[in-house]
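The values are calculated or read from the model by the stated rules, or taken from the named source; none is laboratory data. Not measured: the values here are computed from a predicted model. In this analysis, Cβ positions are derived from the backbone assuming ideal geometry, glycine residues included, and neighbour counts consider all displayed protein chains. These area figures cover heavy atoms from the full protein model, side chains too; ligands, DNA and RNA do not enter into them. Shrake-Rupley method; radii C 1.70, N 1.55, O 1.52, S 1.80 Å.
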Amino acid sequence: QNKFVRNFPTWMIQKLKKLLSLIVKFPSYWIEIVIIITAFRFLIVKAMPYDASEVQPTGAGADASFSSTSTGAAYLAYQELRKALVVSDAAAAQKAADRLSQALEDEQSEAVSITTSMAATSDLEEIRNLFSVLTASLDPLFRESLESGEIYQQFCPMAFEGKGGFWLSDKEEIRNPYYGDKMLTCGKVTEVITQ
């Protein structure tokens, strides 16, 4: 059995099998059965394990510390933004983008412009598109300022219609900010950044 099926309680799998057999026996009731299956699917998603730590801000991700206090604050705000995208919370992403914009110094004008645009829109897909550009903009800053700890560069090959997208994480575990719960674990660690 694959991991996805193992996470379902046995009773749910049995009920689903019964519903499917009803479709075969009573094809005239297929609309009602489809509605029941849709509701059942909703229950299955709700029953899946949920990692609440993804939405809780942490003091220092992967114990990363930076040579500049403002870079450390920017990194923490970036992680808040990433976590908000993981749980598909546009409002939290906007707030985190605003905090990130305030944490960035004036010489990071491109990143400030991107985060300002992110804070101004409630369109989750637009925020995700900008997050990819933001990651490319902030990557050199975090690399150069990292004094200790680890940053995980991660990549989803499916993001942006197969073009792929990178992000930086304070955890090795994959939590995809581009798809959220649709493809939560899609991706891989491409580099562990250390100093």
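Within region 76-92, residues that are surrounded by 22 or more Cβ atoms within 10 Å (Cβ to Cβ) reach partners that are among the hydroxyl-bearing types (S, T, Y) with beta carbons closer than 7 Å, at six or more positions or on different chains, in the pairs R82/S169. Among the residues of this structure, L138 does not count as one that is free of Cβ contacts under 8 Å to residues at least 60 places away in the same chain, buried (at least 22 other Cβ atoms within 10 Å of the Cβ) and within 20 Å of S67 (Cβ to Cβ).
Listed here are the residues, each with its yes/no results for (1) on the phi > 0 side of the Ramachandran plot; (2) among the aromatic types (F, W, Y); (3) modelled with pLDDT of 95 or more.
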residue: Y152; (1), (2), (3): no, yes, yes
residue: F155; (1), (2), (3): no, yes, yes
residue: W167; (1), (2), (3): no, yes, yes
residue: Y178; (1), (2), (3): no, yes, yes
residue: C186; (1), (2), (3): no, no, no
residue: V189; (1), (2), (3): no, no, yes
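Residues that are open to solvent by 50 Å² or more (accessible area, probe 1.4 Å), over 21 Å from S67 (Cα atoms) and not in a strand (DSSP E or B) within region 178-195 comprise Y179, D181, K182, M183, L184, T185, listed in sequence order.
Residues considered: S148, S67. Of these, the only one that is open to solvent by 70 Å² or more (accessible area, probe 1.4 Å) and over 24 Å from K182 (Cβ atoms) is S67.
Yes/no matrix, rows are residues, columns are (1) in contact with a strand residue (DSSP E or B) (Cβ under 7 Å, 6 or more places away or on another chain); (2) at pLDDT 95 or above:
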residue	(1), (2)
K46	no, no
E54	no, no
A60	no, no
S65	yes, no
A84	no, yes
E107	no, no
N129	no, yes
V133	no, yes
F142	yes, yes
